[in-house]
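The values are calculated or read from the model by the stated rules, or taken from the named source; none is laboratory data. All values derive from a computational prediction rather than experimental measurement. So basically every Cβ, Gly included, is an ideal-geometry build from the backbone, and we count neighbours across all protein chains shown.
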Ligand code: TXA
Ligand code: MG
């Protein structure tokens, strides 16, 4: 693992190279350190979940370097969002907006929305700008730990799993607290996560700012019992031998070696690589969710590493028809 001075041009170039190769890079922002990957590379994004040991796929925040990029990622930018962008970007405010199709499902955990923010820290800005594309990044800590605000914390917490850390020096993470996350509905602004920008500050710019709970809006994944469910019923099986209905789809983990009778078959990772399986998961399930099948069978996989996150999704999806 290398820790490089983020203010050096050569470090940024090296980091950009890593991102292009599909590697992750830890970088400083004005809130906390982020663990970044190329938004458009699902395999690279899957590495983030693996390194963080997240038990499930939480949606990731997409980081941009120019306000205009928001229109490449979001489908709809309501007037209240524009107001907040004008006042708080670049800075620690994340906006949840309807997403465009070019954002892979693994970034948003299958949601139709995407969290976007434009960091103000010069190293983060320089990295995203030089990469010339959005970077998906959660905080650079293992699941359940506090977010790191120093390069050496990242090194200690994530160790050799992160090949490159950009050090933002003393000016990094001046807020030391994650960004405030908001969504929009009917002219209102809903606060999903309190963070570096206060409720009061938001209220000075937007007319109606509300707590998310008060409105009964529940858009965070993992809170609804069958949030990720496809349209067709889904059944988890131990192998293709259990497939009883031919008018079906089969989501296989490694090889569909039993020549399954299903009409449609997708193999998540022929070589049994969890990272590859995770990267393909959302897209494959969507493709198998077809009008002309009655049921989707999904092969059970080992609940280790990313397999746990995938199985959690599958269990949730299968619950829709058992509750
Ligand atoms: O300050 C920050 O926001 C830092 C720096 C690195 O930018 N990032 C950060 O990311 O805190 P993370 O992944 O640790 O927290 C992001 C939160 C998660 O709780 C996730 O559920 C929520 O944002 N989130 C992201 N996209 C969402 C969406 N489309 N809908 C609902 N919640 C979303
Ligand atoms: Mg976090």
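Here is how the numbers come out for the structure above:
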item: Pick from region 129-139, criterion more than 11 Å from ligand 1 (Cβ to nearest atom) and not in a loop (DSSP other than H, G, I, E, B), ranking: surrounded by the most Cβ atoms within 10 Å (Cβ to Cβ); result: 131
item: Test: residue in region 148-164 that is within 11 Å of ligand 1 (Cβ to nearest atom), in a loop (DSSP other than H, G, I, E, B), under 19 Å from residue 2 (Cα atoms) and touching a residue at least 12 places away in the same chain (Cβ under 8 Å); result: yes
item: Matching helices (runs of 4 or more DSSP H) fully within region 16-121 where at least 1 residues are within 10 Å of ligand 1 (Cβ to nearest atom) and in contact (Cβ under 8 Å) with a residue 60 or more places away in the chain; result: 42-52, 105-108
item: Residues satisfying the stated conditions in region 245-257, i.e. touching a strand residue (DSSP E or B) at 6+ places or on another chain (Cβ under 9 Å) and over 24 Å from residue 42 (Cβ atoms); result: 245, 247, 248
item: Pick from region 296-310, criterion assigned to a helix (DSSP H, G or I) and either in contact with a helix residue (DSSP H, G or I) (Cβ under 7 Å, 6 or more places away or on another chain) or free of Cβ contacts under 8 Å to residues at least 12 places away in the same chain (or both), ranking: surrounded by the fewest Cβ atoms within 10 Å (Cβ to Cβ); result: 307
item: Enumeration of residues in region 176-193 that are modelled with pLDDT of 85 or more and within 15 Å of residue 147 (Cα to Cα); result: 178, 179, 180, 193
item: Failed condition for residue 102, given (1) surrounded by 21 or more Cβ atoms within 10 Å (Cβ to Cβ); (2) closer than 30 Å to residue 286 by Cα; (3) out of contact with any strand residue (DSSP E or B) (no Cβ under 7 Å at 6 or more places or on another chain); result: (1)
item: Residues satisfying the stated conditions in region 269-296, i.e. under 20 Å from residue 105 (Cα atoms) and in contact with a strand residue (DSSP E or B) (Cβ under 8 Å, 6 or more places away or on another chain); result: 280, 284, 285, 287, 288, 289, 290, 296
item: Among the residues listed as 116, 85, the single one being buried (at least 21 other Cβ atoms within 10 Å of the Cβ), assigned by TED's automatic domain parsing to the domain that holds residue 198 and either on the phi > 0 side of the Ramachandran plot or in contact with a helix residue (DSSP H, G or I) (Cβ under 9 Å, 6 or more places away or on another chain) (or both); result: 116
